[in-house]
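Working notes, beginning with the structure itself.
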Amino acid sequence: MRDNRPILLVVGVMLTLVGLLMAIPAAIDLAVANPDWQVFLVAGFLTSFVGAALALANRGGRELSLQQAFVLTTALWVVLPAFAALPFAFCELEMSYTDSFFEAMSGLTTTGSTVISGLDVAPPGILMWRALLQWLGGIGIIVTAVAVLPMLRIGGMQLFRMESSEREKALPRAAQISLVIAVIYLALSTLCALAYRLAGMPLFEAVAHAMTTIATGGFSTYDASIGFFDSPLIDAIATVFMIVGSLPFLLYFRAVRGEPLSLFADTQVRWFFGILATVIATMSVWLVVTDAMAPGAALRYASFNVVSIVTGTGYATIDYGLWGAFPVTLFFFVMLIGGCAGSTSCGIKVFRFQILYATGMTQMRRLLQPHGVFVPMFNRHPVPESVADSVMSFFFLFVLSYALLALALTFVGLDLITALSGAASALANVGPGLGEIIGPAGNFAALPDPAKWLLSAGMLLGRLELFTVLVMFTPGFWRA
């Protein structure tokens with residue numbers, strides 16, 4: 001008989017944490033005399049009670065096996081949104097549980113898609129809860145990417161396990177790595193909030209936006225997103241910290257430890273900045289050439305919105321859907337890229353494109369010189385064949401999942417543009433899609449309930465790198 005106590009213990013501990021965090025929005029609503037404080041109090045008590053009961057009843061379990069690690073990772077990202085949805089379902093916004101679960105899943109996966117309209121007048125507790133979910137999801141996915149996915153050999157992530165074993169001997173255990181990441185994450189969040197406050201944001205908005213910026217989540221306290229403030233300085237601060245959240249957090253630790261150049265010595269980081277610079281320049285030129293904007297405004301809006309889309313944050317300062325067919329098409333493709341491995345960012349990740357490029361170029365050289373010996377390289381190290389195979393498999397599975405999700409969305413009644421961009425947005429955890437319904441000026445409220453459940457599943461798949469979830473649907477997994 002399988003011992004599920006280690007899985008239930010961790011799920012219980014995390015549920016208890018989520019329940020305790022509900023005290024923060026409860027206190028905020030209580031301070032402004034909003035009756036939703038009672039909703040958060042009851043939901044927090046229920047969540048903490050269930051979590052504590054699970055944790056206490058399952059103490060003393062063995063260490064996690066490989067199979068249990070897969071189950072635990074997926075279970076956490078399903079159970080936590082199920083309970084985090086409770087405040088949405090019972091607050092004064094009167095959301096259905098489908099909408100509540102969609103909002104909670106979007107928050108914890110840092111996707112940023114929303115079904116809530118009228119954020120400008122929404123209860124402050126709900127606004128803070130959305131920000132907290134993304135902040136918690138951001139640190140959660142960093143820890144998962146650094147400590148769990150390399151162990152599970154997901155989509156080439158084992159490459160970073162090997163680098164970690166060589167360079168991070170001072171941090172031999174996952175718990176120590178997680179603690180260092182948490183401290184850096186909190187420090188960067190605080191610095192971002194301070195920058196927003198000094199730029200003129202009210203304190204509440206500064207804290208909420210700092211949490212969703214560093215988590216590259218994109219939830220805002222206004223329907224107009226960051227565009228509400230109409231401030232070049234705030235746009236610049238958001239752009240900088242979206243980039244900060246998209247870089248490998250372990251490299252920040254190395255920089256603090258006395259290796260300040262390690263961040264820019266990483267080829268993944270250089271590729272990431274190169275992609276951003278190229279797309280921003282292209283978009284700025286387009287806006288100027290088409291007489292849409294003056295050069296200064298073009299650079300401002302292109303920089304912010306390109307960084308927001310590439311990093312998967314999903315903030316908006318303007319409806320870029322009105323810029324023309326070329327920008328919309330370009331944004332559709334760059335939304336799939338994402339940031340660096342070991343960051344809060346989402347998407348396919350830059351390192352996979354690097355390995356795909358290195359493998360393709362190596363194959364080209366072998367065709368030209370059949371007797372030559374060529375090996376694909378990443379960060380000046382040979383790429384093991386197992387890593388290249390994992391990356392190739394990831395790309396295949398991503399395309400297949402995208403096609404099936406888009407087809408399923410059209411089956412439940414969505415139009416082609418909404419289905420195609422919605423599927424891409426969910427799998428890449430970006431947030432806004434394209435078109436009039438789910439574009440940067442819209443939201444996901446008008447979609448039918450089956451589409452919201454499909455998109456929630458897509459967010460989960462994308463956030464957990466596909467294999468983590470899909471491997472459990474294979475018969476051999478449960479026979480292991």
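The values are calculated or read from the model by the stated rules, or taken from the named source; none is laboratory data. What you see is a predicted model, and the numbers here were worked out from it, not measured in a lab. Here the Cβ positions follow ideal geometry from the backbone for every residue, glycine too, while neighbour counts run over all protein chains shown. Just the protein is used for accessible areas: all its heavy atoms, side chains included, with ligands, DNA and RNA removed. Shrake-Rupley method; radii C 1.70, N 1.55, O 1.52, S 1.80 Å.
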Residue satisfying condition, being modelled with pLDDT under 90 and either surrounded by fewer than 23 Cβ atoms within 10 Å (Cβ to Cβ) or closer than 19 Å to residue 134 by Cα (or both), within set 411, 467: 467
Restricted to the stretch 324-346, and to residues that are open to solvent by 30 Å² or more (accessible area, probe 1.4 Å) and touching a residue at least 40 places away in the same chain (Cβ under 8 Å), which residue is farthest from the chain's Cα centre (by Cα)? 326
Return a yes/no flag: does the stretch 48-62 have any residue that is modelled with pLDDT under 90, among the charged types (D, E, K, R) and farther than 28 Å from residue 445 by Cβ. yes
Scope the stretch 258-281; condition surrounded by 13 or more Cβ atoms within 10 Å (Cβ to Cβ) and either among the small types (Gly, Ala, Ser) or part of a loop (DSSP other than H, G, I, E, B) (or both); matching residues: 259, 262, 265, 266, 281
Hand me the list of helices (runs of 4 or more DSSP H) wholly inside the stretch 396-477 holding 1 or more residues that are within 18 Å of the chain's Cα centre (by Cα) and basic (Lys, Arg). 449-463
Wholly enclosed helices (runs of 4 or more DSSP H) of the stretch 1-87 bearing at least 2 residues open to solvent by less than 60 Å² (accessible area, probe 1.4 Å) and more than 30 Å from residue 462 (Cα to Cα): 23-31, 36-57
Within the stretch 420-436, is even one residue closer than 20 Å to residue 223 by Cα and open to solvent by 70 Å² or more (accessible area, probe 1.4 Å)? yes
Can you say whether residue 375 is of a type in the set (Val, Ile, Thr) and part of a helix (DSSP H, G or I), as far as the supplied structure shows? no
For the stretch 282-321, which residues satisfy the criterion of being open to solvent by 30 Å² or more (accessible area, probe 1.4 Å) and outside any helix (DSSP H, G or I)? 290, 291, 292, 293, 294, 318, 319
Can you run down the residue pairs with Cβ atoms below 6 Å, 6 or more apart or on separate chains, where the first is in the stretch 225-252 and aromatic (Phe, Trp, Tyr) and the partner is buried (at least 19 other Cβ atoms within 10 Å of the Cβ) and outside any helix (DSSP H, G or I)? 249/342
